[in-house]
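> I have a structure here, written as structure tokens, and I will follow up with some questions on it.
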Amino acid sequence: MLVVVTGVSGTGKTTLGLGLSQALGIPFLDADDFHPPANIEKMSSGEPLTDADRQPWLASLAAKLLEMEGKGGAVLACSALKNAYREQLQVSESLRWIHLVGDRDLIWQRMLARQNHYMKARLLDSQLAIWEQPRVGHLVAISGTPAQVLEVSLHYLKMQDMKMNMGVIGMGVMGKSLALNLAENGVSVSLYNRFVAGKEEGIAQKVLLENPEFTQMAAFEDLAAFVASLATPRRILMMIPAGAAIDAQLDALIPILEKDDLVIDGGNSFYLDSDRRVNRLKEVGMHFLPMGVSGGEEGARKGPSIMPGGNAEGYAMVADFLGRISAKDKDGKPCVTYVGPGGSGHFIKMVHNSIEYGEMQVLAELVHFLRFGFGCTAAQVSAILSDWGKGELKSFLLEITADLLLFKEGGELLLDKILDQAGQKGTGAWSLTTALEYGIPYSPLAEAVNARGVSGEKAMRLSFSKTFQHEFQKVEGSLEAWLPKIKEAYALARIINHEVGFRLMKMVSDTKGWGLNFNEIARIWTNGCIIRSGLMERISANYADQVAFFEIPGVKEQVISGRKALAELVGLGVTNGFALPVMSAGINYLLGRITADSSASVIQAQRDYFGAHTYQRKDDPSGKFYHTQWTNS
Ligand code: NAP
């Protein structure tokens, strides 16, 4: 084995090198001993070496390493501050790197304490300035005792020969949290983040350094080395942005993977892209899992809801790992299930997010109306929501909304300082276009997307509010009298949001022949995900394919009792100047769906009038199409 220990002067290369040499039973070499006299003289006088000065020195070190490999190996301590120097020393595939890193002040103190060394301590800053983030090998923090540094280094050297259970690509918010979750649950994991010179350097290494307690992790920014570190068949989870980045990452991965390897896309990709990618990997004999993950950063770290679709064989390869890291439902079962073929996992995640948009918007509408229509303080609204959250209305979003209404910054409510322009990343709008494509009424959840769009037009809103002299009106009447109705209206608005989403899922599942299991989907959404709630538990326990969503036991009663309350609340709100887009679309949607004789007769008559589009008649059950000459001209 060849090992090179690198680091700026004062990091303890010699101490560690000697320790490794003893532990591994191979000789120790100090790169300083190979400097030509001219270099030593320069350094002793405090003058930094140039790259030209280093060339002969590096060449002799490379030759020495090759010679030592033939003799059974060696440990070399060498500053090797730049990647170009390290590449010159990479004489063999079996060469391993340990890079010592530490706080500047700590290194400085250690340098000052050293004696009989020709390196001047004041050269430290110049060394740190040229030090480059290594691209291969392991960073080891020098803050521990020499024995600890030796132990960690030996562990990493051993790890480099170990094959890891899983690989995670993308050390952003989600990838890092999922990787740590895997490691905590006994899955050894290789971490990879792309290398972008000057911008994205050593990201995976940093995760390792920040989490020394997880010893079964290795870090890479060379994709081939990352792939090579994995046990076969390989299991790789990508947590990177949806769209072109996924295809580009697959382009880079596929040529270096092998038949039967598995790639998982855990991001929020569009489900039709995922359909295509499942086929792409199938054609080359590999598995692809488009996988929805919900729960945000905390969920990913402690237990998300996981929605894998795609290739069932591929799912079997990671079912155990996913079960270990996922949230658990009330019976202790993992909140993960094989959703169905193709892009179905990403499809249901998309609809999950669309319901999430609706749930968030309803809460936003209520908070606003309660504060500025009923004159409640933020703390009072928080108390109302908290109270609701103790019963069957409990939900994660309700809970965090109650919480954020209490958050102060400098004694003032932070919420009131947040610009009222809501962001979005795509899943809400994709759900809407899918619903339009499949002819599924989607107005309540569509309004949640539109509301974010309207919020984005802040300048227009400011200008129009003056032009049209818009102001909120205070509600006449007591909050106490209204509160039970508001609660019922809220419960119903939420039921409608869920019904709309589940209806879209059913339509797409039936059309595409996916055979989605909606009890099971609701079950994995009872914990870990953003729309976890008491309502979801009821849906999971009582929804069946043959039951219409609105007729689920427990739901049906709330539809009946909440109808009037939602209509009255919406009426009160809009009359007093409050936009309640999701709640008003919700009551309209519900009324439309429970109306036996609708206004569509007028539409049909109009269509036939101006365009001879024909119509069917109520008094002719045969379904025959009629056309009428509506005018004499
Ligand atoms: P993030 O924090 O922005 O991290 C994105 C990661 O992808 C980073 O490691 C980034 O590396 C890497 N990356 C960016 N562009 C890349 C490219 N072209 N090629 C390769 N790698 C690239 O994002 P995130 O929140 O973890 O989200 C990752 C995915 O999960 C997204 O699809 C997101 O929609 C989805 N998701 C997010 C959440 C959430 O709550 N955040 C929840 C569920 C799902 P650099 O550091 O080098 O830029």
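> Go through the range 411-495 and tell me which helices (runs of 4 or more DSSP H), entirely inside it, have 3 or more residues that are in contact with a helix residue (DSSP H, G or I) (Cβ under 6 Å, 6 or more places away or on another chain) and under 29 Å from VAL559 (Cα atoms). Give the derivation first.
On the way: elements: 427-438, 443-456, 458-467.
Correct list: 427-438, 443-456.
> Considering only residues that are in contact with a Gly (Cβ under 7 Å, 6 or more places away or on another chain) and either open to solvent by 10 Å² or more (accessible area, probe 1.4 Å) or closer than 18 Å to GLY345 by Cβ (or both), which ones fall in the range 493-511?
To start, the set of residues in the range 493-511 that are in contact with a Gly (Cβ under 7 Å, 6 or more places away or on another chain) comprises 493, 496-497, 509.
Once the filter is applied, which keeps residues that are in contact with a Gly (Cβ under 7 Å, 6 or more places away or on another chain) and either open to solvent by 10 Å² or more (accessible area, probe 1.4 Å) or closer than 18 Å to GLY345 by Cβ (or both), the range 493-511 yields only SER509.
> While we're here: Is there any pair with a first residue in the range 420-436 that is open to solvent by 70 Å² or more (accessible area, probe 1.4 Å) and a second that is more than 14 Å from the ligand (Cβ to nearest atom) and not in a helix (DSSP H, G or I) whose Cβ atoms are under 9 Å apart and which are 6 or more apart or on different chains, and what are they?
If the second residue must be more than 14 Å from the ligand (Cβ to nearest atom) and not in a helix (DSSP H, G or I), the pairs left are GLN421/GLU457; LEU436/TYR442.
> Just a yes or no: is a residue in the range 195-208 open to solvent by less than 10 Å² (accessible area, probe 1.4 Å), part of a helix (DSSP H, G or I) and either within 17 Å of GLN249 (Cβ to Cβ) or aromatic (Phe, Trp, Tyr) (or both)?
Yes - at least one qualifying residue is present in the range 195-208.
> Only one of LYS120, LYS64, LYS82 is surrounded by 13 or more Cβ atoms within 10 Å (Cβ to Cβ) and either at pLDDT below 90 or in the same structural domain as GLN205 (by TED's automatic domain parsing) (or both); which?
Values: LYS64 fails: either at pLDDT below 90 or in the same structural domain as GLN205 (by TED's automatic domain parsing) (or both); LYS82 fails: either at pLDDT below 90 or in the same structural domain as GLN205 (by TED's automatic domain parsing) (or both).
Matching residue, one of LYS120, LYS64, LYS82: LYS120.
> I've got another one for you. I need the full set of residues from the range 170-202 which are of a type in the set (Ser, Thr, Tyr) and away from the ligand (no atom under 12 Å from the Cβ), in order please.
Quick first cut of the range 170-202, residues of a type in the set (Ser, Thr, Tyr) only: 177, 188, 190, 192.
Scanning the range 170-202 gives SER188, SER190.
> Give the residues of the range 222-269 that are open to solvent by less than 10 Å² (accessible area, probe 1.4 Å) and acidic (Asp, Glu), sorted by residue number.
Within the range 222-269, ASP261, ASP265 qualify.
> On the given criteria, is ILE560 under 14 Å from VAL351 (Cβ atoms) and either free of Cβ contacts under 8 Å to residues at least 12 places away in the same chain or not assigned by TED's automatic domain parsing to the domain that holds GLU297 (or both)?
Values: under 14 Å from VAL351 (Cβ atoms): no; either free of Cβ contacts under 8 Å to residues at least 12 places away in the same chain or not assigned by TED's automatic domain parsing to the domain that holds GLU297 (or both): yes.
For ILE560, the condition - under 14 Å from VAL351 (Cβ atoms) and either free of Cβ contacts under 8 Å to residues at least 12 places away in the same chain or not assigned by TED's automatic domain parsing to the domain that holds GLU297 (or both) - is not met.
> Could you list all residues from the range 209-256 that are within 14 Å of the ligand (Cβ to nearest atom), in a loop (DSSP other than H, G, I, E, B) and closer than 22 Å to GLU313 by Cα? Break it down stepwise before answering.
Here is the first cut: in the range 209-256, the ones within 14 Å of the ligand (Cβ to nearest atom) are 219-223, 226, 236-253.
After this cut, where a residue has to be in a loop (DSSP other than H, G, I, E, B) as well, the list is 221-222, 239-243.
MET239, the sole residue that qualifies.
> Right, something else. What's the total number of residues in the range 328-347 that are open to solvent by 10 Å² or more (accessible area, probe 1.4 Å) and either modelled with pLDDT under 95 or assigned to a loop (DSSP other than H, G, I, E, B) (or both)? Lay out the reasoning, then the answer.
Initially, the range 328-347 is screened for residues open to solvent by 10 Å² or more (accessible area, probe 1.4 Å), giving 328-334, 336-339, 341-342.
Subsequent filtering for residues that are either modelled with pLDDT under 95 or assigned to a loop (DSSP other than H, G, I, E, B) (or both) retains 329-333, 337-339, 341-342.
Residues meeting the conditions: 10.
> Could you check the range 16-50 and list, in sequence order, the residues that are open to solvent by less than 50 Å² (accessible area, probe 1.4 Å), free of Cβ contacts under 8 Å to residues at least 24 places away in the same chain and not in a helix (DSSP H, G or I)?
Selection gives HIS35, PRO36, LEU49.
> Quick test for you: out of THR595, THR614, THR511, pick the one residue that is of a type in the set (Val, Ile, Thr) and on the phi > 0 side of the Ramachandran plot. Break it down into steps so the answer makes sense when it comes.
Working: THR595 fails: on the phi > 0 side of the Ramachandran plot; THR511 fails: on the phi > 0 side of the Ramachandran plot.
Selected residue: THR614, the only one of THR595, THR614, THR511 that is of a type in the set (Val, Ile, Thr) and on the phi > 0 side of the Ramachandran plot.
> Anything in the range 69-88 that is farther than 16 Å from ALA59 by Cβ, touching a Lys or Arg at 6+ places or on another chain (Cβ under 7 Å) and touching a residue at least 60 places away in the same chain (Cβ under 8 Å)? List them, or say none.
The one that is farther than 16 Å from ALA59 by Cβ, touching a Lys or Arg at 6+ places or on another chain (Cβ under 7 Å) and touching a residue at least 60 places away in the same chain (Cβ under 8 Å): ALA77.
> Now for a separate question. Report the residue count in the range 124-142 for those that are open to solvent by less than 60 Å² (accessible area, probe 1.4 Å), in a loop (DSSP other than H, G, I, E, B) and touching a Leu at 6+ places or on another chain (Cβ under 7 Å).
Of the residues in the range 124-142, 1 are open to solvent by less than 60 Å² (accessible area, probe 1.4 Å), in a loop (DSSP other than H, G, I, E, B) and touching a Leu at 6+ places or on another chain (Cβ under 7 Å).
The values are calculated or read from the model by the stated rules, or taken from the named source; none is laboratory data. All values reported here derive from a predicted model rather than from experimental measurement. When we count neighbours, we look across all protein chains shown, and the Cβ atoms used for this are built from the backbone with ideal geometry, even at glycine. Surface areas here come from the heavy atoms of the whole protein model, side chains and all, with no ligands, DNA or RNA. Shrake-Rupley method; radii C 1.70, N 1.55, O 1.52, S 1.80 Å.
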